[in-house]
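Heads up, the thing below is written out as structure tokens.
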Amino acid sequence: MSEIAIAPLRKKTLNGDLYVRDARIEELLAELSSLPRNQLVERVKISNKADPKYVPSECLVYFVRATRGDNREDWFERLYRILLERVLRSLPRPESRDGKSTSLAREAVREKVLGRFAELLSADREEYIEKLDYFEVRFDGALANLRRDAQEKVWRDENRSKPLEYDAESGELSAEVEEAAGVYDPFDKSDLDDPTYRSRLEAAINALPPEQSRIIHMLREGFPIDSKEPGVMTIATALGRSEKTIRTYRDKAYAALRAAMCDGGDR
């Protein structure tokens, strides 16, 4: 298998800069692209992240998308199934730990996330979908965005007249609502294509208290709040705050942004 040219991403940030893969991902893509296909499949089948041969999901997304110019559907299907299996493993299971009950909300979230991701990959086979570029930059963050969208839709479907409730002491969403509804995400909306919306959003962010504004900017750049993986720069580490504190500030900031963007608007 000849070496594959690693094409740059096309999506741009709000500042107009192209999305860029991590240097480690770029190097690994160059290495993996020279492997025979069967060897590549065996590598991406490894699910243990501690295994030195583990292939990050950012790379797997790249190779799935790279099959766009390949007429062999069987090659696409092999990689596609492995990628969807990773997505499913990352989502909460609908069954309780004792196996005696099933959460219909979690089941609906899994179906919506998997369906939306599959829809994006399918569309990308026909025409380049820039939204998938973020999955090649920060897969976990991009997947979390899909999950939050799905959670919010499920919550709205089941509680159309019930507002989101916050804990009076901590200021955080209640555990039940946090799980079912997720968090409002102003950056994963089609409205970002509207210059007026972007301008209003920037003004709303600038009006936030300094620490909330810093957190929002870091989230927008794809930094995780916390991570169990060593060496990953997180918002909690960068700001010297606990994960719980960061989430509290995030929730309050998102609530303020939601209110600002809905005030006098059509949303």
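The values are calculated or read from the model by the stated rules, or taken from the named source; none is laboratory data. It should be emphasised that the depicted structure is a prediction, and the values quoted were computed from it without experimental measurement. In this analysis, Cβ positions are derived from the backbone assuming ideal geometry, glycine residues included, and neighbour counts consider all displayed protein chains.
Within the set Ile225, Ile215, Ile246, the sole residue that is under 28 Å from Glu136 (Cα atoms), at pLDDT 85 or above and part of a loop (DSSP other than H, G, I, E, B) turns out to be Ile225.
May I ask you to list the residues in region 228-240 that are part of a loop (DSSP other than H, G, I, E, B) and without any contact (Cβ under 8 Å) to a residue 24 or more places away in the chain? Before the answer, list the steps.
Here is the first cut: in region 228-240, the ones part of a loop (DSSP other than H, G, I, E, B) are 228-234, 240.
Scanning region 228-240 gives Lys228, Pro230, Gly231, Val232, Met233, Thr234, Gly240.
In summary, Asn38 fulfils each of the numbered conditions (1) surrounded by fewer than 12 Cβ atoms within 10 Å (Cβ to Cβ); (2) part of a loop (DSSP other than H, G, I, E, B); (3) at pLDDT 90 or above with the single exception of condition (2). Ala23 - would you say it is surrounded by fewer than 18 Cβ atoms within 10 Å (Cβ to Cβ) and farther than 23 Å from Ala144 by Cα? Taking the combined requirement at face value, the residue does not satisfy it.
Does Asn145 qualify as being at pLDDT 80 or above and outside the structural domain of Thr13 (by TED's automatic domain parsing)? So that I can check it myself, show each step before the final result.
Working: at pLDDT 80 or above: yes; outside the structural domain of Thr13 (by TED's automatic domain parsing): no.
No: the conditions fail for Asn145.
Among residues of region 50-90 being of a type in the set (S, T, N, Q) and farther than 26 Å from Val109 by Cβ, the one that is modelled with the highest pLDDT is Thr67. The criterion of being within 21 Å of Asp124 (Cβ to Cβ), hydroxyl-bearing (Ser, Thr, Tyr) and out of contact with any strand residue (DSSP E or B) (no Cβ under 7 Å at 6 or more places or on another chain) does not hold for Ser47.
With respect to the conditions (1) among the aromatic types (Phe, Trp, Tyr); (2) closer than 19 Å to Ile129 by Cα; (3) free of Cβ contacts under 8 Å to residues at least 40 places away in the same chain, Tyr80 falls short on a single one, namely (3). Checked against (1) touching a helix residue (DSSP H, G or I) at 6+ places or on another chain (Cβ under 8 Å); (2) assigned to a helix (DSSP H, G or I); (3) in contact (Cβ under 8 Å) with a residue 40 or more places away in the chain, Ser47 meets all criteria but (2). Scan region 256-267 for residues that are assigned to a helix (DSSP H, G or I) and at pLDDT below 80 and jot them down. Residues satisfying the conditions are Arg258, Ala259, Ala260, Met261, Cys262. Restricting Tyr80, Tyr54 to residues that are among the aromatic types (Phe, Trp, Tyr) and over 21 Å from Leu121 (Cβ atoms) narrows the list to Tyr54.
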